[in-house]
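Below is one structure; the comments refer to it alone.
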Amino acid sequence: MTDSALHTTEQSMPKIAIIGGGLTGLFTATLLERAFTGDNRNSVVPNIVIFEKSRSVGRLATRYRTDSATAKNWQWAFGAQFFTAKSADFQQFIKPWLQSDLLQPWCANVVDLTPSHDAVQTADTQKKEQWNSTQARYISTPKMTSWGRALADGLEHTSINFKTRVAPLSKEHSIEKNDTNNETQLFDEDGNSLGYFDWVICTAPNAQAVELMAHSGFSEQAKITEAQMQACYTLMLGWDESRILPASLNTQENCWDVAYVQDSIIDRIFIEHQKPAHDELLPSVTIHARNDWSEQHVDDDMETIKAQLLAAAKQALNWNAGSIPSQVDCHRWRYAATITNSNKAELGILVDNEKQWIVSGDWCGKGNIESCYQAAKQTVETIDNAL
Ligand SMILES: Cc1cc2nc3c(=O)[nH]c(=O)nc-3n(C[C@H](O)[C@H](O)[C@H](O)COP(=O)(O)OP(=O)(O)OC[C@H]3O[C@@H](n4cnc5c(N)ncnc54)[C@H](O)[C@@H]3O)c2cc1C
């Protein structure tokens, strides 16, 4: 954020629409509010509206199931498992939630795991690293979704309209307001007006942003299509009690929390009940398939995918008749991971200054949670500079 926090009067206060209530949308609203009402606090109240098509925040996702006998839960963070905070400004941003323990470092023991192709032999695990405070990974507690909720609850000048899908933008809906400013009328998918806005910020995943802006005359449309995302299938497994976990997951014998799986359609295995503040859970394990494999099979039948992933998980974790998981669930993410190219600069947010439209999202950077923050920061700087 620049020192020149947004100086505005009530008359010039822009109305800002944010399409998407994932972390990019929530970070953007948070930083906009701070810019408007920060050090140069005055009587103006920012007018920010988030439109989110689903009932909750984006790709941070937690699934629960309750055991009717014990009333205890299995829990799976089936989207993002953790995040990094490499930049000093993001570290500063997350501090209040670290202090309140809503965010916690996850000092996981990480192994490389090579499944055995022989049914009686256990997989080979080699210690890889421990995530520690010099290269911290963070989780949100008690659930991965808790942070999104806390961010939403902390917004004072932003309204969030859930279950509202914004219809694709159109040239005709960008109207000249005066010599220097445009405003845009947004509609929902049933053609109802959602109001007029000085700035529209789209934070939808890349493929959805392409569709939203396709016939709008957005000056950076060609760049949106440059970014590419891959799918991810996630398998969620649960056991009724620790006693019957397969030996590969029995912490006394094998002390690992995260496994990078080699030579398999599985990419990573995360042990949920070993995360900080998760010890009340019934044994729960989340498994992400490889992105390239998921993309190749993105339209396959879910039961077939589930069976293939379960077979690969059995090979990696070696359960037998007495240690079969009682809970098995599978989720398809069509747009999970941004394909990054280390030789190419990050795309950055895309701005049409004339229409006052910004297209943003994790895919404008490295496709992770820290990229959401960087995109939000660039967005607020762009609006700040334009005012
Ligand atoms: C399987 C998986 C594993 C991951 N692992 C990690 C990890 O370990 N670490 C990490 O840092 N990151 C990880 N990520 C990435 C991380 O989850 C994302 O970077 C982050 O959640 C993206 O947030 P976002 O707000 O940019 O997008 P989203 O969360 O996708 O939010 C965009 C929102 O826009 C809404 N929307 C779209 N179109 C419309 C419309 N027309 N009208 C209204 N609303 C609309 C969508 O419903 C969605 O809620 C993972 C993601 C997945 C899927």
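Computed from the coordinates by the stated procedures, all read-outs in this text should not be read as laboratory data. Note that this is a predicted model, so its numbers are computed, not measured. In this analysis, Cβ positions are derived from the backbone assuming ideal geometry, glycine residues included, and neighbour counts consider all displayed protein chains.
Observations on the model:
- Working from Cα pairs under 8 Å separated by at least six residues, relative contact order for the chain is 22 percent.
- Only helices enter this figure: runs of n ≥ 4 DSSP H residues, each worth -39500 (n - 2.57), summed and divided by the residues of the chain, yield -7000 deg cm²/dmol at 222 nm to the nearest 500.
- Summing +1 for each Lys or Arg and -1 for each Asp or Glu among the other residues whose beta-carbon sits under 11 angstrom from that of Arg63 gives 0.
- For region 263-384, with +1 on Lys and Arg beta carbons and -1 on Asp and Glu, the positive-most of Thr382, Asn320, Ala336 along the dipole: Asn320
- Contact order, relative form, for region 239-344: 31 percent (alpha carbon pairs under 8 Å, 6 or more residues apart, mean separation divided by residue count).
- Principal axis dimensions, largest first and in whole angstrom, of region 312-382 by Cα: 64, 27, 18
- Farthest toward the positive end of the dipole of region 68-184, out of Met144, His157, Gln92, is the Cα of Met144, where the dipole comes from beta carbon charges about the Cα centre.
- Stokes-Einstein diffusion for region 100-161, with the hydrodynamic radius set to the Kirkwood value over Cα pairs and evaluated at 4 °C in a medium of 1.567 mPa s, equals 86 µm²/s.
- Charge dipole of region 255-387 (Cα centre as origin; +1 on each Lys and Arg Cβ, -1 on each Asp and Glu Cβ, all else neutral): 180 debye, rounded to the nearest 20.
- Peptides 222-233, 373-384, 61-72, 146-157 ordered by average Cβ neighbours within 10 Å, highest first: 373-384, 222-233, 146-157, 61-72
- Cα-based equivalent ellipsoid of the chain: semi-axis lengths in Å, sorted from largest, via gyration tensor: 42, 22, 18
- Size of electric dipole in region 179-240: Cβ of Lys, Arg +1 and of Asp, Glu -1, about Cα centre, debye, nearest 20: 260
- Cα pair distances exceeding 28 angstrom across region 105-244, given as percent: 51
- The Rg/Rh ratio of region 214-303, with both radii computed over alpha carbons and Rh defined as the Kirkwood radius, is 1.17.
- Principal axis analysis of the Cα atoms in region 265-328 yields extents of 37, 28, 17 Å, listed in decreasing size.
- Among Gln274, Trp239, Ala207 the positive-end extreme of the charge dipole of region 207-280 (Cβ point charges): Ala207
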